[in-house]
Amino acid sequence: MKPPEVTRPGALPRGVRWAASICLVLSALTGVLSCNEVSVLLEFEKHRTHQLEKAPTPGLLGNKDPAFTQRIVETQLSAMEHVREPRVVVLTGLTLVCTLLFFASRRLLRAPDGIPRDGFRQLIGTAGIFAAVLRTIDGAQWTVVAQRTSGVMVEGFKALPEFQDPIAADLLPLVPYLLIATSVVPTALVAGGFVLLAQYFRSEGVRDAIVTLDGTPEDP
């Protein structure tokens, strides 16, 4: 791989700067969301009570039956409880890995004088793979929740006047796929992003460019 173009002596190549910046943002967003969900799962009973005590809001497709909406909420909470403990482990690990990625990408962008950047490059290359794996497991767990919730939703929709029409009724089998897609698509984007970043920073071109840069004094 051809070494990325360097804009000035001692400066990070433009491509590396962009990749490190993307890693910084992606790891920060993923880490914050994971940490927030861990806090919810650790106090799950309080979360459950709060959700069940809230007045039901109108459901999907204009559904105004509060009992139906309540069943959906209860099913989702039950499915979340089923995967609660493994999700705490996965999300805690994801939070820690994203913290490492945030630190490494920030240091890569603004390394103090005399600190080699290649160690941060290696850390991103390794932690990025772990982040992708953990985010994939996270998405698989959410898919389980979506699958369980979709069954209740389909049964409830069958009783709604809007789905008595044969054409509308034919759309019901799509509901599980739509719910699963809300988990699969973000998982593919985020996990795929971590993989691409990890592979980029593990490439010979980036390694050679940063190793060379480590031997070049920074411009004042």
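The values are calculated or read from the model by the stated rules, or taken from the named source; none is laboratory data. Here the structure is a predicted model, which means the values were calculated and not measured. Here Cβ is always computed from backbone atoms with ideal geometry, including for glycine, and neighbour counts include all displayed protein chains. Side chains are part of the model used for accessible areas, which takes the heavy atoms of the whole protein and leaves out ligands, DNA and RNA. Shrake-Rupley method; radii C 1.70, N 1.55, O 1.52, S 1.80 Å.
Tabulated results
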{"read-out": "Ordering of 76-88, 12-24 by burial proxy (mean other Cβ atoms within 10 Å per residue, highest first)", "value": "12-24, 76-88"}
{"read-out": "Dipole of the chain, positive end: most advanced residue of Ala19, Leu41, Gly215 [Cβ charges, Cα centre]", "value": "Gly215"}
{"read-out": "Kyte-Doolittle at least 1.6, axis length at least 18 Å by Cα - qualifying DSSP helices, the chain", "value": "none"}
{"read-out": "Additional length obtainable on full extension of the chain from Leu171 to Leu189, 0.36 nm per residue less Cα span", "value": "3.8 nm"}
{"read-out": "Cα-centre dipole for the chain with unit charges at Cβ (Lys and Arg positive, Asp and Glu negative), debye to 20", "value": "460"}
{"read-out": "Dipole-positive endmost among Ala169, Ala104, Phe194 within the chain (Cβ charges, Cα centre)", "value": "Ala104"}
{"read-out": "Ranking by accessible area, most exposed first, for Lys46, Lys158 with a 1.4 Å probe", "value": "Lys46, Lys158"}
{"read-out": "Among Leu91, Leu52, Leu41, residue whose mean-square fluctuation peaks in a GNM of the chain (springs only between Cα atoms under 10 Å)", "value": "Leu52"}
{"read-out": "Solvent-accessible area of Tyr200 with every protein chain in place, 1.4 Å probe, in Å² to the nearest 10", "value": "60"}
